[in-house]
Each structure stands twice: as C-alpha cells, then as structure tokens.
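Notes follow the structure.
The values are calculated or read from the model by the stated rules, or taken from the named source; none is laboratory data. Keep in mind that what you see is a predicted model, and the values were worked out from it rather than measured. Here the Cβ positions follow ideal geometry from the backbone for every residue, glycine too, while neighbour counts run over all protein chains shown.
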Amino acid sequence: MKILLDTNVLLYAMDRSSKYHKISISILENTEYKLFVSTKNIAEMFAVCSKKISVSK
C-alpha cells in the first residue's frame with residue numbers, strides 16, 4: 001500500500017513522550033507500506049524542529 005505520510009506521523013515518531021509515538025513507529029516500520037514524503041513535509045519538519053523553545057525563568 002502506498003502512503004503519503006502526514007508530517008505529524010514523523011513528529012510523533014521522534015517524540016517519545018507523545019501518546020501517538022508507538023503507533024507512528026509501527027506505521028514507519030511496517031514493511032507492507034511504501035511510504036512517501038513531500039517537499040511540504042520536509043519544510044514543515046524543518047520549521048517545527050528548528051523553532052527555538054522559550055524557557056520561562
């Protein structure tokens with residue numbers, strides 16, 4: 001089955017504290033799926049992962 005991944009699946013797979021982490025990993029590891037990402041996914045991943053996190057003092 002061909003699947004265009006949503007950016008959230010990739011983000012949840014990276015975030016071990018997410019309640020969606022395990023299901024995201026299972027999607028990514030399923031060999032029955034032929035997974036695809038778009039340039040939009042890559043841009044969104046970059047935007048989210050490169051945001052500065054503000055820490056309150």
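Exactly one condition in (1) touching a Phe, Trp or Tyr at 6+ places or on another chain (Cβ under 8 Å); (2) loosely packed, with under 13 Cβ neighbours inside 10 Å is false for residue 46; which is it?
(1)
Please enumerate the residues belonging to the stretch 1-10 that are assigned to a helix (DSSP H, G or I) and buried (at least 17 other Cβ atoms within 10 Å of the Cβ).
Within the stretch 1-10, 7, 9, 10 meet the criteria.
Just give me the residues in the stretch 1-18 being free of Cβ contacts under 8 Å to residues at least 40 places away in the same chain and under 15 Å from residue 42 (Cα atoms), in sequence order.
Within the stretch 1-18, the subset free of Cβ contacts under 8 Å to residues at least 40 places away in the same chain is 1-6, 8-18.
Passing the criteria: 4, 5, 6, 8, 9, 10, 11, 12, 13, 14.
If you take the residues of the stretch 28-45 that are outside any helix (DSSP H, G or I) and charged (D, E, K, R), which of them is farthest from residue 6 (Cα to Cα)? Reasoning before the result, please.
Start the filter on the stretch 28-45 by keeping residues that are outside any helix (DSSP H, G or I), which leaves 30-38.
From what's left, charged (D, E, K, R): 32, 34.
Working: 32: 17, 34: 14 Å.
Checking each candidate, the answer is 32.
I'd like the residue in the stretch 13-27 that is at pLDDT 95 or above and in a helix (DSSP H, G or I) and, out of all such residues, is nearest to residue 1 (Cα to Cα).
27
For residues that are charged (D, E, K, R) and surrounded by 11 or more Cβ atoms within 10 Å (Cβ to Cβ), tally how many sit in the stretch 22-43. I'd like the intermediate steps shown before the answer.
First pass over the stretch 22-43, keeping only residues charged (D, E, K, R): 22, 29, 32, 34, 40.
Filter once more, so that each one left must be surrounded by 11 or more Cβ atoms within 10 Å (Cβ to Cβ): 22.
Residues that pass the stated criteria total 1.
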